[in-house]
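Engineer: Input: one structure, supplied below.
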Amino acid sequence: LSGKYGPKQVSPQDIPSDEDILRAWEGIDNKEWRWVLGVFATYGIRPSEILHCEIDSKGILTVRDGKTGSRRAWPLYPEWVELFGLHDRRIPPIERPSNRATGQLVGKYFSRHDIPFTPKAPRKAWSVRAILFGMPVELAAQQQGHSILVHCNMYARWITEESQQRAYDAIMARPDRPV
């Protein structure tokens, strides 16, 4: 599959809604795998990074030795840290040394347990959510461990008209906006 993945291959169907993510999380019986999906959804990390992350007492996640080095990510939604029990680190028995093997194992679990999206889909949803929340693109891209160009090419184009209206309404409702 090398060389065949890029922004043009991502479709809107690949990005689950927050409600889809919550339903999938509720449908997982295994607490360790629930934790994994909770981390993916809340922080938008890559599946291969699940073994390299820690969440501090403030709910900020640090990825160590990820695909693009170390970085920190803030939760979107912060309420999900408590809802998903993310302070109680629960890693499934993944004993794969490489990022690729870890990602494949996570993908197999999602597929075998009928999770209706891929392990990378919550990452895509996090990116769109960051845009809708008004997070500066530079910060969102850095938290995801990629460039601003990649962030915009991959995710910004999936902002719907409804999402644009919600973002506009939120901006216009700010008491400190220029008039």
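Engineer: Out of region 1-21, which residues are at pLDDT 95 or above and open to solvent by 50 Å² or more (accessible area, probe 1.4 Å)?
Structural biologist: The answer is Glu19, Asp20.
Engineer: Under the condition of being free of Cβ contacts under 8 Å to residues at least 40 places away in the same chain and of a type outside the set (A, V, I, L, M), which residue from region 99-113 is surrounded by the most Cβ atoms within 10 Å (Cβ to Cβ)?
Structural biologist: Filtering region 99-113 for residues free of Cβ contacts under 8 Å to residues at least 40 places away in the same chain gives 101, 104-105, 108, 110-112.
Restricting the remaining residues to those that are of a type outside the set (A, V, I, L, M) gives 104, 108, 110-112.
Working: Gln104: 15, Lys108: 11, Phe110: 23, Ser111: 11, Arg112: 8.
Residue satisfying both the conditions and the ranking: Phe110.
Engineer: Which residues, taken from region 122-160, are surrounded by fewer than 19 Cβ atoms within 10 Å (Cβ to Cβ), among the basic types (Lys, Arg) and in contact with a Leu (Cβ under 8 Å, 6 or more places away or on another chain)?
Structural biologist: Of everything in region 122-160, nothing turns out to be surrounded by fewer than 19 Cβ atoms within 10 Å (Cβ to Cβ), among the basic types (Lys, Arg) and in contact with a Leu (Cβ under 8 Å, 6 or more places away or on another chain).
Engineer: Still on this structure: Can you work out which of the residues in region 41-89 that are assigned to a loop (DSSP other than H, G, I, E, B) and of a type in the set (Gly, Ala, Ser) is most open to solvent (accessible area, probe 1.4 Å)? First the steps, then the outcome.
Structural biologist: Of region 41-89, the ones assigned to a loop (DSSP other than H, G, I, E, B) are 44-46, 56-60, 67-68, 74-78, 84-89.
Retained after the next criterion (residues that are of a type in the set (Gly, Ala, Ser)): 44, 57, 59, 85.
Working: Gly44: 0, Ser57: 112, Gly59: 2, Gly85: 31 Å².
Checked region 41-89; the qualifying residue most open to solvent (accessible area, probe 1.4 Å) is Ser57.
Engineer: Follow-up. Given the criterion of a type in the set (S, T, N, Q) and under 19 Å from His151 (Cβ atoms), identify the matching residue among Ser127, Ser17, Ser57, Ser111. Outline the logic, then answer.
Structural biologist: Working: Ser17 fails: under 19 Å from His151 (Cβ atoms); Ser57 fails: under 19 Å from His151 (Cβ atoms); Ser111 fails: under 19 Å from His151 (Cβ atoms).
Result of the check over Ser127, Ser17, Ser57, Ser111: Ser127.
Engineer: Take the conditions in contact with a Leu (Cβ under 9 Å, 6 or more places away or on another chain), under 15 Å from Val39 (Cα atoms), surrounded by 14 or more Cβ atoms within 10 Å (Cβ to Cβ) and in contact (Cβ under 8 Å) with a residue 60 or more places away in the chain and apply them to Pro119. Does it pass?
Structural biologist: Working: in contact with a Leu (Cβ under 9 Å, 6 or more places away or on another chain): yes; under 15 Å from Val39 (Cα atoms): yes; surrounded by 14 or more Cβ atoms within 10 Å (Cβ to Cβ): yes; in contact (Cβ under 8 Å) with a residue 60 or more places away in the chain: yes.
Spelling it out, Pro119 is indeed in contact with a Leu (Cβ under 9 Å, 6 or more places away or on another chain), under 15 Å from Val39 (Cα atoms), surrounded by 14 or more Cβ atoms within 10 Å (Cβ to Cβ) and in contact (Cβ under 8 Å) with a residue 60 or more places away in the chain.
Engineer: If you check every pair at least six apart or on different chains, which have Cβ atoms under 6 Å apart with a residue in region 47-72 that is on the phi > 0 side of the Ramachandran plot first and a residue that is open to solvent by 100 Å² or more (accessible area, probe 1.4 Å) and modelled with pLDDT under 95 second?
Structural biologist: none
The values are calculated or read from the model by the stated rules, or taken from the named source; none is laboratory data. Values in this document were obtained by computation on a predicted structure and should not be read as measured data. Virtual Cβ from ideal backbone geometry, glycine too; neighbours counted across all protein chains shown. Heavy atoms of the whole protein, side chains included, go into the accessibility calculation; ligands, DNA and RNA do not. Shrake-Rupley method; radii C 1.70, N 1.55, O 1.52, S 1.80 Å.
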